[in-house]
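> Following this message is one structure expressed as structure tokens.
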Amino acid sequence: MIEVHGVSFHYPGQEVLRQITFNVPAGRFLAVAGPNGSGKTTLVRLLGGLLKPSAGRIVIDGAAMGSYNARTLAQKIAVVRQDMIPSFAYTVYETVMMGRTCHFGPLGFETEQDRQLVLAAMRETEVEAFGSRRLTQISGGERQRVYLARALAQDTPIMLLDEPTSFLDLRHRVRFFDLLRRLQSAQGKTIVAITHDLNLAAQYCDEMLLLGGPGRSEHGPVGEVFRAERIEACFGVKVIQGRLGGVDVVLPVGTKPS
């Protein structure tokens, strides 16, 4: 569903990604992790068509990224970015309905089917109760769930998520990953999620991509990549790995002041 072939990207005076190559088969769940500044958000912007590679190519569902216009790409890929401070005081319902605009007919009006899909997405993400409230009147964690609802309403085969659980409490983090896994299983969605929560990613995801900076990456099944030595090399911090409650976990090891 997603093919990345030798992709590099640089901003003026700064190389961010170098010769990244990986594939995400249809219906797979990929976690992307790495230290700050390693190019994770840039990668999501490239996969979402917001940036163009400096070198290499990206193929989405068998077609080159450049062959899609904005509307057809929005019918393939939904993007959930990091929590944004809204510029306009749209309501929660209006925001989620925006996910349907790429499916509107030539007159640009919503249909009953659009409304039902929006309400279903709001129920799934537990934001239906405050559907009439303004985005400026809810918390960052609640807004992040609204943006996920918008992506669900967009009804695309691919979902890209940039640190979707950053503003969520522990309960909603787990429920968020539960929901993504259900969408993957029930609807066959292909999911790419940037996350700093390596332990949840290891429980829920099929594959992991570690970005350690330009020219440094590790990609493969979670069982191969989620290893202490690879995580230490990527993040530059010592970790210990073990099993708790029947699941593999890693914990960073700090140094206590003397």
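The values are calculated or read from the model by the stated rules, or taken from the named source; none is laboratory data. Note that this is a predicted model, so its numbers are computed, not measured. Methodologically, a virtual Cβ is constructed for each residue, glycine included, from the backbone with ideal geometry; neighbour enumeration extends over all protein chains shown. Only protein heavy atoms, including side chains, enter the accessible area calculation; ligands, DNA and RNA are left aside. Shrake-Rupley method; radii C 1.70, N 1.55, O 1.52, S 1.80 Å.
> Give me the pairs: first residue in segment 7-32 and farther than 20 Å from Val225 by Cβ and in a loop (DSSP other than H, G, I, E, B), second residue small (Gly, Ala, Ser) and open to solvent by 20 Å² or more (accessible area, probe 1.4 Å), beta-carbon distance under 7 Å, and six or more apart or on different chains, which are they?
Ala26/Gly188
> Which of the residues spanning segment 157-180 are open to solvent by 50 Å² or more (accessible area, probe 1.4 Å), part of a helix (DSSP H, G or I) and under 20 Å from Leu30 (Cβ atoms)? So that I can check it myself, show each step before the final result.
Let us first name the residues in segment 157-180 that are open to solvent by 50 Å² or more (accessible area, probe 1.4 Å), namely 166-167, 169-171, 173-175, 178.
Now drop any that are not part of a helix (DSSP H, G or I), which leaves 170-171, 173-175, 178.
If the condition is that a residue be open to solvent by 50 Å² or more (accessible area, probe 1.4 Å), part of a helix (DSSP H, G or I) and under 20 Å from Leu30 (Cβ atoms), then Arg173, Val174, Asp178 are the ones that fit.
> Would you point out which residue out of Thr111, Thr101 is over 30 Å from Glu3 (Cβ atoms), modelled with pLDDT under 95 and open to solvent by 50 Å² or more (accessible area, probe 1.4 Å)?
Of the residues listed, the single one that is over 30 Å from Glu3 (Cβ atoms), modelled with pLDDT under 95 and open to solvent by 50 Å² or more (accessible area, probe 1.4 Å) is Thr111.
> If you don't mind, another one. Within the set of pairs 6+ apart or on separate chains, which have a first residue in segment 158-183 that is closer than 18 Å to Ala78 by Cα, a second that is in a helix (DSSP H, G or I) and open to solvent by 60 Å² or more (accessible area, probe 1.4 Å), and C-beta atoms under 8 Å apart?
Close Cβ pairs (under 8 Å, with a partner that is in a helix (DSSP H, G or I) and open to solvent by 60 Å² or more (accessible area, probe 1.4 Å)) amount to Thr165/Arg173; Phe177/Gln203; Leu179/Glu124.
> Looking at Arg145, Arg216, which one is over 26 Å from Val118 (Cα atoms), among the basic types (Lys, Arg) and touching a residue at least 12 places away in the same chain (Cβ under 8 Å)?
Only one candidate passes the filter, namely Arg216.
> Just one of (1) in a strand (DSSP E or B); (2) without any contact (Cβ under 8 Å) to a residue 24 or more places away in the chain; (3) surrounded by 16 or more Cβ atoms within 10 Å (Cβ to Cβ) trips up Leu209, so point out which.
The single condition Leu209 does not satisfy is (2).
> Right, next: Collect the residues in segment 86-98 that are modelled with pLDDT of 90 or more, among the hydrophobic types (A, V, I, L, M, F, W, C) and open to solvent by 30 Å² or more (accessible area, probe 1.4 Å), keeping them in residue-number order.
Of everything in segment 86-98, just one residue is modelled with pLDDT of 90 or more, among the hydrophobic types (A, V, I, L, M, F, W, C) and open to solvent by 30 Å² or more (accessible area, probe 1.4 Å), namely Met98.
> Would you pick out the residues in segment 212-241 that are over 24 Å from the mean Cα position of the chain (by Cα) and open to solvent by less than 30 Å² (accessible area, probe 1.4 Å)?
The answer is Val239, and nothing else.
> Of (1) at pLDDT 90 or above; (2) assigned to a helix (DSSP H, G or I), Ser132 satisfies all except one. Which?
Against the list (1) at pLDDT 90 or above; (2) assigned to a helix (DSSP H, G or I), Ser132 comes up short only on (2).
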